[in-house]
Amino acid sequence: MASFLAKRFLSGVLLLFAISSMAFFLIYASTTNIASNILGEGATPDQILKKSHELGLDQPITTRYLSWLKHAVRGDFGTSWANNDSVVSEIMRRLPVTLSLVLIAIFIAAVLATTLGVLAAIKGGAIDRTVQILAVAGFAIPGFIVAIILVTFLAVKAHIFPATGWVAFGENPANWAKSITLPVVSLVIATMTSSAQQIRSAVKSVLERDFIRTLTSRGISRREIIIKHVLRAAAPAGLTVLSLQFVGMLGGTVIVEKIFALPGMGDLVVNATASGDTPLVMGIVVYTVIIVIVINLVVDLINGWLNPKVRVQ
Amino acid sequence: MKNTGPLRKVLRNPLGVAVVAYLFIILILALFGSSFSHWNPNKPDVFSVLQGPSAKHWFGTDSAGRDVYTRLLVGSRATLIAAALVVATALLIGVPVGMFAGYYGGALDAAASWASNMLMSLPVMIILLSARTVIGSSIYSSMFIVGVLVAPGFFRLTRTAVMAVRNELYVDAARVSGLSDIRIMSKHILTVVRAPIIIQTSMIAGIAISFQSSLEFLGLGDSSLVSWGVMLNDGFRNIFMKPILLFWPALAISLTIASFVLFGNAFRDALEDSKKVKAKKSDPTIVISETPAAADESRHLLSVTHLGIGYPLADGGLKKVVNEISFSVDKGEVLGIVGESGSGKTQTAFSILGLLPESAVITSGRVSFNGESLLSPEKGKISEKAMREFRGKKIAYIPQEPMSNLDPNFKIGYQLVRPMVKVLGLSKADAVAKAHSLLKTVGIENTERIFNAYPHEISGGMAQRVLIAGAVSCDPDLLIADEPTTALDVTIQAEVLDLLRDLQGKFGMGIILVTHNFGVVADLCDRVVVMQNGSVVESGDVRTILKAPREPYTQELLSSMLVDKTPMTLLTSGKGK
């Protein structure tokens with residue numbers, strides 16, 4: 001188990017290193033005239049040279065990369081070119097908004113998808129057909145269109161929820177809940193339907209396995225078989241589905257945050273890429289990949305713990 | 001013309017026709033959209049901004065006074081180009097890499113799989129946005145990145161398919177006949193992956209449209225381009241004044257993605273349909289014949305009278321797998337049911353325990369145990385609760401394949417103890433003690449180790465002993481053993497048969513032994529039922545049938561056994577029982 005986790009952890013670190021290095025070279029190699037872009041049109045050649053030197057742009061790219069890497073491993077991603085704020089503090093301001101959105105949404109989506117998927121697999125009939133139709137509908141209507149529909153009807157027309165804006169939890173919990181409801185619902189609807197469908201197939205394939213029949217023949221009730229044996233055996237597949245959905249949601253928040261004007265990571269990444277703020281973009285890439293790696297590690301850990309073959313070693 | 005099969009089937013179902021028709025219309029619009037309207041989709045008109053629908057502007061105008069209807073028609077082009085770009089990029093990367101990785105394996109495969117897993121674990125949207133600093137704001141170069149990011153879908157599909165066929169005989173034959181690897185791959189292997197690739201392509205086209213429109217909606221595309229995503233962006237900026245502007249592009253996007261997805265689904269259904277017949281749950285045309293209770297039922301431990309089992313077919317008919325069969329087992333008697341695979345013997349065994357799959361239909365006859373009816377068409381499906389009175393306690397079951405019949409997630413001990421606690425009502429401590437003595441009985445020395453082991457830690461022979469211990473743990477009157485030795489090594493087979501004989505002597509159970517091996521029958525059984533194609537062809541005393549089989553089928557089975565070099569078991573029967 002320990003060696004299994006160590007291997008997964010190492011693979012995660014390798015992934016982080018590979019992606020951030022690739023991103024660094026690609027982004028820096030392709031952006032030109034950085035200093036003059038930052039200074040604006042009226043800048044003199046002297047000012048541009050000075051700015052370039054200040055940002056270290058006059059050094060060879062490998063030197064810059066090594067310096068970036070040296071600082072990055074200590075958690076220092078430099079300062080934003082747009083406003084000279086530290087990249088880390090900028091991200092830390094935005095991360096709580098995005099994480100609270102995604103964590104609440106994935107929790108609700110997990111509960112709903114598991115309930116629907118399991119019921120569809122064991123009961124069949126109408127609920128099974130509903131889950132299958134929902135899966136197609138959920139795929140066909142992209143998450144941001146769901147969000148647009150919700151905003152149009154529940155905020156703009158009916159005024160039940162605010163259309164835009166963010167209220168911190170500490171400020172006013174009731175308004176926080178109101179401001180977060182529509183974004184969360186959009187994310188849940190976009191991911192829940194396909195997860196339910198995939199969890200349904202996972203449970204169905206466990207139900208067809210031989211040991212389920214043998215347990216039944218021993219006189220164990222169907223209820224106990226489903227709760228103890230089927231769910232246990234289907235759990236790893238279900239968790240993998242949900243972890244992929246979580247990663248998908250990290251991307252989905254970009255649009256949801258834009259639609260509801262929430263000050264999260266998605267909003268930040270849109271602004272950073274639009275203004276060519278390379279240190280900030282690099283910081284966001286690294287943080288996002290770290291979140292993905294942590295989620296995958298947690299899922300590996302739970303799956304390893306659920307699977308005796310891994311656990312016992 | 002093989003490959004027109006599934007496509008033709010798609011066109012036979014109304015939804016398939018609708019979907020294909022819709023996609024065809026979109027394609028026509030993409031090519032000639034602007035000729036269906038006299039408006040210029042890009043011509044602003046400050047005097048007719050944000051107008052409602054009128055005879056002049058059917059769907060109204062947007063914030064620059066442009067005709068919404070025309071922009072909707074013309075916007076289909078950008079959508080289809082984006083989808084085609086993503087699919088082409090993903091295909092060109094995913095399929096060849098998957099093919100080489102699957103065909104050659106080794107380091108290439110490891111590296112490609114690692115890269116594929118890496119790409120799959122990334123949030124596409126964030127990568128896409130970061131990449132924009134590199135590739136610029138053109139929506140089409142973004143679509144290229146999306147294509148790279150979704151290529152793992154094709155890669156995995158192709159790799160799995162290639163790995164499955166690379167050792168097939170026809171591929172070997174092609175190799176031996178001197179075809180180059182590239183030729184083999186493109187000729188033989190591409191044929192195998194074609195259908196799954198079509199399905200995946202339609203899904204990826206849907207994903208592509210979703211990404212394209214969301215990028216443009218964010219205002220990150222080229223705003224001078226006429227596309228549905230750009231229209232959404234305009235509509236969203238005017239959501240308080242004219243929310244209807246959102247409706248048309250949202251509808252067009254959703255319908256187009258849905259069409260791609262539904263086409264993929266319909267194509268998959270068509271493929272699966274040609275492979276297997278779909279089972280329907282209930283069918284009114286199924287005729288169930290009534291059977292009067294046989295007078296002598298209560299004399300036997302188990303009696304099966306005129307039992308028929310069938311599975312509904314897609315065309316409304318019924319595929320009969322067991323036909324009006326009758327036999328009985330008495331207390332302490334060993335009955336063999338012999339037949340080839342597909343003869344209906346396992347279906348018969350499952351029906352006695354109520355373990356048939358959901359879709360199975362009892363078409364006739366009854367099964368009764370000590371005169372109590374377990375199964376009959378009049379009663380329909382036996383209630384789960386009623387059946388639990390019998391399972392484990394009165395009738396027990398030994399499966400064929402030992403390893404797959406133990407739950408890999410639970411220790412052996414738990415799997416033995418739990419039924420005894422539930423069925424016999426023993427205390428946990430008593431059940432544990434009994435489990436240990438049962439493991440001893442089935443010939444396991446180190447019961448402590450096996451008790452605490454997980455199924456993957458023990459051998460197949462050991463697992464079968466555990467399953468036999470589990471079957472007899474609640475003192476059943478009847479044991480149903482479904483090919484209990486088939487999956488085991490020859491040496492262990494004999495030991496397991498000996499064990500069954502010992503247990504039968506010890507507990508005085510009736511046994512139904514389902515097997516294809518007459519040697520096993522000769523070794524263990526008192527009477528035998530020979531089944532073929534769901535019917536009983538011959539039944540009677542084992543010695544009579546072995547000496548003088550009346551039916552040609554029985555003779556065939558017997559002689560095949562002799563050819564199959566198992567004279568030892570025959571000799572045992574010669575000694576008499």
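Using 0.36 nm per residue of separation minus the Cα-Cα distance, give me the extension gain between residue B:457 and residue B:32 in nm, one decimal.
146.3 nm
Exactly which chymotrypsin sites (Phe, Trp or Tyr not before Pro) in segment B:153-240 are in a DSSP loop and have at most 15 other Cβ atoms within 10 Å?
Here the sparse-neighbourhood loop sites are B:240.
Would you compute the Debye intensity of segment A:2-72 from its alpha-carbon atoms alone, equal scatterers and no solvent, and pass along log10 I(q)/I(0) at q = 0.21, 0.22, 0.24 Å⁻¹ to two decimals?
-0.93, -0.97, -1.06
Once both axes come from the Cα atoms, what is the angle between helix B:228-237 and the longest principal axis of chain B, in degrees from 0 to 90, rounded to 10?
70
What is the antiparallel percent of DSSP beta bridges lying wholly in the protein assembly as shown, to the nearest 5?
60
Going by average Cβ neighbours within 10 Å, how do the peptides B:94-101, B:383-390 rank, with the highest at the top?
In decreasing order of mean packing, B:94-101, B:383-390 become B:94-101, B:383-390.
Of the listed pairs B:394/B:428; A:157/B:242; A:157/A:178, which have alpha-carbon separations greater than 18 Å here?
B:394/B:428
Within a 10 angstrom radius of each residue's Cβ in B:391-404, how many Cβ atoms of other chains show up on average? Whole number is fine.
3
Relative to a virtual label point 7 Å from the Cα of residue A:306 in the Cα→beta-carbon direction, which members of segment B:408-431 show backbone nitrogen distances below 16 Å?
Counting backbone N atoms under 16 Å from the label point, the list is B:408-410.
Among the DSSP beta bridges whose two residues both lie in chain B, what percent are antiparallel, rounded to the nearest 5?
60
Is segment B:321-445 best put as rounded, prolate or oblate by its Cα gyration tensor, with a ≥ b ≥ c the root eigenvalues, rounded for a/c under 1.5, and otherwise prolate when a/b is larger than b/c, oblate when not?
It comes out prolate by the Cα gyration axes.
Work out the P(r) tail for segment A:188-313: percent of alpha carbon pairs separated by more than 25 Å, whole number.
45
Rounded to a whole number, what is D in µm²/s for chain B from Stokes-Einstein with the Kirkwood radius over alpha-carbon pairs (20 °C, 1.002 mPa s)?
It comes out at roughly 72 µm²/s.
Given Cα pairs under 8 Å that are at least 6 residues apart, what percent is the relative contact order of chain A?
The value is 26 percent.
What is the helix-to-structure angle for B:106-120, meaning the angle in degrees between its Cα long axis and the longest Cα principal axis of chain B, kept from 0 to 90 and rounded to the nearest 10?
With both axes taken from Cα atoms, the answer is about 60 degrees.
Normalised by the empirical 2.2 N^0.38 Å for globular proteins, what value does the Cα Rg of segment A:98-152 take?
1.33
Straight-line reach from residue B:9: which aspartates and glutamates fall under 18 Å, measuring Cα to Cα and dropping same-chain residues less than 8 apart?
Answer for residue B:9, where 18 Å is the Cα cut-off: B:269, B:272, B:273, B:315, listed by chain and number.
I need the GluC sites (Glu not before Pro) found in segment A:144-252, filtered to DSSP loop residues with at most 13 other beta carbons within 10 Å of theirs.
A:171, A:208
Compute the length gained on full extension between residue B:135 and residue B:498: take 0.36 nm times their separation in residues and subtract their Cα-Cα distance, giving the result in nm to one decimal.
Going from the current span to full extension adds 123.3 nm.
Hey, what's the per residue convex hull volume over the C-alpha atoms of segment B:102-194, in cubic angstrom?
115
So the label point goes 7 Å from the Cα of residue B:192 along Cα→C-beta, right? Which residues of segment B:77-98 then have their backbone N under 16 Å from it?
Inside the label zone: B:95-98.
Remind me, what semi-axes does chain A give for its equivalent ellipsoid, largest first in whole Å, using sqrt of 5 times each Cα gyration tensor eigenvalue?
Rounded to whole Å, the semi-axes are 44, 27, 15.
For segment A:95-275, what value does the Rg/Rh ratio take when both radii are computed over Cα atoms and Rh is the Kirkwood radius, given to two decimals?
1.08
Straight distance only, please: which aspartates and glutamates reach the Cα of residue B:319 with their own Cα at less than 13 Å, same-chain residues fewer than 8 apart left out?
Excluding near neighbours in sequence, the set is B:283.
Determine the shielding of peptide A:217-229 by partner chains: average, over its residues, the number of Cβ atoms on other chains within 10 angstrom of each Cβ.
So the per-residue partner count for this stretch is 6.
Using alpha carbon centroids, what distance separates segment A:95-122 and segment B:18-79, in Å?
Result: 39 Å between the Cα centres.
Would you work out if segment B:377-501 is rounded, prolate or oblate? Take a ≥ b ≥ c from the square roots of the eigenvalues of the alpha-carbon gyration tensor; rounded if a/c is under 1.5, else prolate when a/b is larger than b/c, oblate otherwise.
Since a/c reaches 1.5 but b/c is at least a/b, the shape of segment B:377-501 is classed as oblate.
Taking residue A:7 as the anchor, which aspartates and glutamates have their alpha carbon closer than 13 Å to its alpha carbon, excluding any fewer than eight residues away along the same chain?
Result set, ordered by chain and number: A:300.
Determine the calculated [θ] at 222 nm for chain B from helices alone, applying -39500 (n - 2.57) to every DSSP H run no shorter than 4 residues and normalising by the residue count; nearest 500 deg cm²/dmol.
Per the formula, -17000 deg cm²/dmol.
Other chains near A:251-264: what is the mean number of their Cβ atoms within 10 Å of each residue's Cβ?
What the average comes to for A:251-264 is 3.
Using alpha carbons only, what's the Rg to Rh ratio of segment A:1-124 with Rh from Kirkwood?
Taking Rh as the inverse mean 1/r over Cα pairs, Rg/Rh reads 1.18.
So for segment B:1-81, considering every pair of alpha-carbon atoms, how many percent are separated by more than 20 Å?
More than 20 Å apart: 48 percent of the Cα pairs in segment B:1-81.
Just need the Rg to Rh number for segment A:125-194, please, alpha carbons only, Kirkwood Rh.
1.09
Take the Cα radius of gyration of the protein assembly as shown and divide it by 2.2 N^0.38 Å, with N its residue count; two decimals is plenty.
Rounded to two decimals, the normalised Rg is 1.16.
Angle, helix A:45-55 long axis vs. longest principal axis of chain A, Cα atoms, 0 to 90°, nearest 10?
40
Principal axis extents for segment B:115-254, Cα atoms only, whole Å, descending order, please.
Result for segment B:115-254: principal-axis Cα extents of 71, 31, 25 Å.
So how much slack lies between residue A:21 and residue A:7, counting 0.36 nm per residue of separation and subtracting their Cα-Cα distance, in nm?
2.9 nm
Bear in mind that the values in this text are calculations on the coordinates, not laboratory data. This one's a predicted model, so the numbers in the text were calculated from it and none came from an experiment. As a convention, Cβ positions derive from the backbone with ideal geometry for all residues, glycine included, and neighbour counts pool all protein chains shown.
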